[in-house]
Amino acid sequence: QVQLVESGGGLAQPGGSLRLSCRASGIIFGLYTMAWYRQAPGKQRELVAGITSGTRTNYVDSVKGRFTITRDNAKNTVYLQMDDLKPEDTALYYCNTKFNNIDRWGQGTQVTVSS
C-alpha cells in the first residue's frame, strides 16, 4: 500500500522560509517521479514542483528561484525548501506520485504566509 506522509507546514512571515518533507512507503522510492502540489481556497490544485528519478526538476513559474525540490532516496523522502515566501503561497500542500498509473496523494500540510 502506497503511503505519502507530509510534514513541515506552518505559519511563516512574508520573506520567511519553510521546509516541507514527504516520506513515502510502499514503493521503490528511487524509481518514481515525486511532486508537490498545492491548493488554495477557491482555486484548483496546481503543480508546484517535480523531481524525476534522475533528479531532473521542474517548477511552476511563480516559485522559480524561491523553491527547491530535492530527494533523499536512502530516506524515501522528498523535500520542498521554500524561501522568500509570499502571502500568495498560502495553500494546502500535497505530496504526489503516480503508482500503477494512479495518482497517489498525501493528506496535505498547511502553509500560511502572513504577517
Selection of trypsin sites (Lys or Arg not before Pro), segment 1-66, meeting DSSP coil and at most 12 other Cβ within 10 Å:
LYS43, ARG56, LYS64
Tell me the relative contact order for segment 64-115 as a rounded percent, counting alpha carbon contacts under 8 Å between residues six or more apart.
29
How high is the relative contact order of segment 7-115, given as a whole-number percent (alpha carbon pairs under 8 Å, six or more residues apart)?
36
Note down the magnitude of the dipole of segment 3-80 about its Cα centre, charges +1 on Lys and Arg C-beta and -1 on Asp and Glu C-beta and zero elsewhere, to the nearest 20 debye.
60
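Accessible area per residue for segment 9-92 in Å², computed with a 1.4 Å probe and the full protein assembly in place, what is it?
Details: 4450 Å² over 84 residues.
Roughly 53 Å² per residue, with all protein chains present.
Express the relative contact order of segment 51-92 as a whole percentage, based on alpha carbon pairs under 8 Å and six or more residues apart in sequence.
Values: 31 pairs, mean separation 12.5, N = 42.
Dividing the mean separation by the residue count of segment 51-92 yields 30 percent.
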Over all directions, what mean area does the Cα convex hull of segment 1-70 project, stated in square nanometres?
5.7
Considering only protein heavy atoms, what is the solvent-accessible area of ASP61 at a probe of 1.4 Å, reported in Å² to the nearest 10?
120
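Do any chymotrypsin sites (Phe, Trp or Tyr not before Pro) in segment 33-98 lie in a loop, going by DSSP, with at most 15 other beta-carbon atoms within 10 Å of their beta carbon, and if so which?
Numbers: sites: TRP36, TYR37, TYR59, PHE67, TYR79, TYR93, TYR94; in loops: none.
When the chymotrypsin sites (Phe, Trp or Tyr not before Pro) of segment 33-98 are filtered for loop state and at most 15 Cβ neighbours within 10 Å, nothing remains.
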Could you tell me the ratio Rg/Rh of segment 54-115? Both radii from Cα atoms, Rh via Kirkwood.
0.98
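The values are calculated or read from the model by the stated rules, or taken from the named source; none is laboratory data. These numbers were taken from a predicted model, which means no experiment stands behind them. When we count neighbours, we look across all protein chains shown, and the Cβ atoms used for this are built from the backbone with ideal geometry, even at glycine. SASA here: full protein model, heavy atoms, side chains in, ligands and nucleic acids out. Shrake-Rupley method; radii C 1.70, N 1.55, O 1.52, S 1.80 Å.
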